[in-house]
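Working notes for the structure below.
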Amino acid sequence: MTAIDATAGSVTLDHGPIAALEWPAMTMGFSANPKILKDIAVGDRVAFELDWDGKAGVVTQIAKTGTTKP
């Protein structure tokens, strides 16, 4: 996780490849319900689920899996 704004409901993730969308690894911002962002912080490693409508993505679930080293 590289950035989070729970008030605005946005999160920036440095994610690996997403084969279902034919995306390479990249850093990308997504919207998310602020309620699901309350237990994560910048630097956390997370697993997430994404709803993609062809133009924009919304993170529908996110969970901490660890913390990256600075």
Exercise for review: Considering each residue of segment 11-28, count those that are within 17 Å of K64 (Cα to Cα) and within 9 Å of the chain's Cα centre (by Cα), and give that number.
Suggested key: 5
Review point. Counting just the residues of segment 29-45 that are in contact with a Gly (Cβ under 6 Å, 6 or more places away or on another chain) and buried (at least 16 other Cβ atoms within 10 Å of the Cβ), which one comes out nearest to M1 (Cα to Cα)?
Key: F30
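Every number in this text was worked out from the coordinates using simple rules, so none of it is lab data. Predicted, not measured: the structure shown is a model, and the values here were computed from it. Backbone-built Cβ (ideal geometry, glycine too); neighbour counts: all protein chains shown.
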